[in-house]
Structures are given as C-alpha cells and as structure tokens.
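The values are calculated or read from the model by the stated rules, or taken from the named source; none is laboratory data. On a predicted model such as this, the values are computed, not experimentally measured, just so you know. Note that each Cβ is placed from the backbone with ideal geometry, even for glycine, and that neighbours are counted across all protein chains shown.
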Amino acid sequence: MNTTKLKRLRGAGWKVGSAKDFLRLTDEEAALVELKISLADALKQSRQKHRLSQVDLAQRMGSSQSRVAKIETGDPSVTIDLIVRAILATGASRKELQRAFTGKEKVAA
C-alpha cells in the first residue's frame, strides 16, 4: 500500500496491519498460509505452462474442474498434498515442485 493511502486511512481512523495481525495467526499458521498460496500459484503457472485447461487437469487427476479452481485459489478445504498431486499431474518436474516449496522461484515458463 502506498504511503499516501496509508496516511489517509489512518487519518480517517482506520487501523492498518497485515492479514496475520488481523486474523491473529501464529507464525506457524502464517507460514502455512503463505506455503499454500505459493503452491497454488505454482500450480496455476505449471498448468498454463503445460497448456492445460482446468478441465484437462481435472481429468488427469480424476477430479472436477470446480475442484481444480478451488485448488488454484487456495480454498481452505484444499490440503497441501492435493495441491502437490495437482502440480505433479500437470507434468511438473520434482525440481519445479521443490522450487514451489521453497518459494525461491516460480515454476519455469
């Protein structure tokens, strides 16, 4: 958020902070949320890199398009192992998966 907007919000009486602060997450909970978001982003990138639609990926996984959409948006009902299964189903290499976990690099295009 830019400084001008931040000052304007504070001036209007708003409190500004992070999602971690707002939700009162522990460091571990915040790290888990960040990991799931990183993996979900990596999934979408890998699916697009391999020119797969959500329907194509769903068929590879034996799932539905709506479930793939939930995986990609980081829906709370989605587990990390399901996200990993989906990334591997796109044809991503183990190295690409490792990069997604470390957050050092996005899945290569």
>> Can you pull out every residue in segment 16-53 that is of a type in the set (A, V, I, L, M) and assigned to a helix (DSSP H, G or I)?
In response: A19, L23, A30, A31, L32, V33, L35, I37, L39, A40, A42, L43
> Quick check, is S66 over 18 Å from G103 (Cβ atoms), in a helix (DSSP H, G or I) and polar (S, T, N, Q)?
Replying inline: yes
>> So, S53, is that one exposed (fewer than 14 other Cβ atoms within 10 Å of the Cβ), at pLDDT below 95 and small (G, A, S) or not?
In response: no
> Which residue out of G74, G13 is loosely packed, with under 14 Cβ neighbours inside 10 Å and either assigned to a loop (DSSP other than H, G, I, E, B) or in contact with an Asp or Glu (Cβ under 9 Å, 6 or more places away or on another chain) (or both)?
Replying inline: G13
>> Pairs please, first residue from segment 58-70 and on the phi > 0 side of the Ramachandran plot, second anywhere and surrounded by 17 or more Cβ atoms within 10 Å (Cβ to Cβ) and of a type outside the set (D, E), Cβ atoms under 8 Å, 6+ apart in sequence or on different chains.
In response: none
